[in-house]
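The values are calculated or read from the model by the stated rules, or taken from the named source; none is laboratory data. Please read these numbers as outputs of a predicted model, since none were measured by experiment. No Cβ is skipped: glycine too gets one built from the backbone with ideal geometry, and neighbour counts run over all protein chains shown.
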Amino acid sequence: MSSQGRVWLITGLAGVVLLAAIYFPFLRKRVRREARGGQQTEEQARRELIQQASAAAAEPKAKAKLFWAADPDDTSLIPVTVELPLSNDPVLRAKQVLNTLLAGPVDAELRTLPSDAELLAFYLLPDGTAIADFSENLATSTPSGIQSEQLAVDSIVRTLAANVPQVQRVRILIHGQEVETLAGHVDLMEPFVVNTPAVSSTSAPATNGTPEQPGAAAPATPAAQQPQTQAKPSAEPPATPQKP
Amino acid sequence: MRESDIVLDLAAQVRHSLESQGFQVVQTRTGNDNPSLDDRSGMANAQRGAVFVTLHVSSTGPPGTVRTYAMSDLAAPPANSGLIPWEFAQAPYLGLSHKLADEVQKQLALQFKGSPNATQLAAVRQLRTTAAPAIAVEISSVLIQDRADLDRMMPAVAEAIARGVAIFRPYYVTPSQVQP
């Protein structure tokens, strides 16, 4: 390398060192600020939890009905009465019962929801539609299958129906998103109607947010009740559904 | 064990049993492709006078049992415009679907001890958009250690489904319109 090249190299390196020296105090300040911010967020979260816990502790204990599996191999749910400090505020109350449902029964085999699932948020709209937003684990850890997915949904819907009378419908989100199914089978695109006879066995999906009208959607004269007309199938099939 | 592989084998046996009863069978998949739920419904909705059977193997439930599901009740479509909205496709067929499920489950309960005698209701996404009598049949369970146990169940499951569909056949009168 020529002596001129060496001079340029040394000058360049010196410039880099100078720039680094100037930038370093700013970088240090920024790192400290970020660290302080992180601590504040953790501190805020801790404070919120303590506030919730102390608020809950201040609430009078009441009997809550939670729906867990009747038997490890059973498809049915049974109500279990648990004494909890329950808020009069429907949103807080819903969070309290859902978090207890997620915590699970004494016998872990009777769980209906995965142990690693969390309730991220809960909203109650003025028309009685509840939006329960769960962590992704609800979808990924619920065993895939119609039986297990329906049991999970039913336990959520029936627990809300039994403890929060303001809830008329329940919409389940996964990590803030609408998803087509819970784990491949049960429909989560429509809200589930509560406070109806259907909820006592299986939560029925609604459509367009309208309250369920039991039996309204079934054909008025089901063919099954008119076997005498069997030999004459209708010439007019129903109109083809319109795919969105 | 993968559910999709087991189901494909079961579907082949169900097909054979249904064809033996004189039915024409269209499968929504014959290989490891994975059509969307809407595409599967679309295939079924393009048929006339069809019934729709979706097959599943669960990872829960007492091993060696089988359950038949029909769609739980749907609310009425918003207005009768002559066209059925896609998400209401199953609504006019709910009564027929329950009848079909009842007949199939009766046959399955005879074959598999511990299976429920009655149809189960569930919000099965696949059934919602199907414009035909539609049921889901779910076997327990994919967690059986030895796949041979599931394989042994398949011929009887297939036969029971085919017998149930054959018994249902005389009751199948296509609903002419959506009831408000």
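Scanning segment B:4-50 for residues that are among the acidic types (Asp, Glu) and under 19 Å from residue B:165 (Cα atoms) yields a count of 1.
Counting only strands (runs of 3 or more DSSP E) that sit completely within segment B:39-135, those holding 2 or more residues that are in contact (Cβ under 8 Å) with a residue 60 or more places away in the chain, under 15 Å from the mean Cα position of the chain (by Cα) and at the interface with chain A (Cβ under 7 Å from one of its Cβ atoms) correspond to B:52-58, B:65-71. Scanning segment B:130-173 for residues that are surrounded by fewer than 20 Cβ atoms within 10 Å (Cβ to Cβ), modelled with pLDDT under 90 and of a type in the set (Val, Ile, Thr) yields a single hit, B:144.
Okay, residues lined up against (1) among the hydrophobic types (A, V, I, L, M, F, W, C); (2) touching a strand residue (DSSP E or B) at 6+ places or on another chain (Cβ under 6 Å):
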position	(1), (2)
B:3	no, yes
B:6	yes, yes
B:12	yes, no
B:18	yes, no
B:25	yes, no
B:30	no, no
B:35	no, no
B:38	no, no
B:59	no, no
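For residue A:161, the conditions (1) buried (at least 19 other Cβ atoms within 10 Å of the Cβ); (2) in a loop (DSSP other than H, G, I, E, B) are fulfilled apart from (2). Can residue B:20 be described as touching a residue at least 12 places away in the same chain (Cβ under 8 Å), surrounded by 22 or more Cβ atoms within 10 Å (Cβ to Cβ), farther than 22 Å from residue B:116 by Cα and polar (S, T, N, Q)? Judged against the criteria, residue B:20 is not a match. Inspect all residues belonging to segment A:189-198 and state whether any of them is within 13 Å of chain B (Cβ to nearest Cβ), assigned to a loop (DSSP other than H, G, I, E, B) and among the hydroxyl-bearing types (Ser, Thr, Tyr). Taking every residue of segment A:189-198 in turn, at least one turns out to be within 13 Å of chain B (Cβ to nearest Cβ), assigned to a loop (DSSP other than H, G, I, E, B) and among the hydroxyl-bearing types (Ser, Thr, Tyr). Evaluated against (1) assigned to a strand (DSSP E or B); (2) at pLDDT below 95; (3) not hydroxyl-bearing (Ser, Thr, Tyr), residue A:143 falls short on exactly one condition, (1).
Let's see how each residue does on (1) in a loop (DSSP other than H, G, I, E, B); (2) away from chain B (no Cβ under 13 Å); (3) within 16 Å of the chain's Cα centre (by Cα); (4) buried (at least 19 other Cβ atoms within 10 Å of the Cβ):
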| residue | (1), (2), (3), (4) |
| --- | --- |
| A:130 | no, yes, yes, yes |
| A:155 | no, yes, yes, yes |
| A:166 | yes, yes, no, no |
| A:171 | no, no, yes, yes |
| A:183 | yes, no, yes, yes |
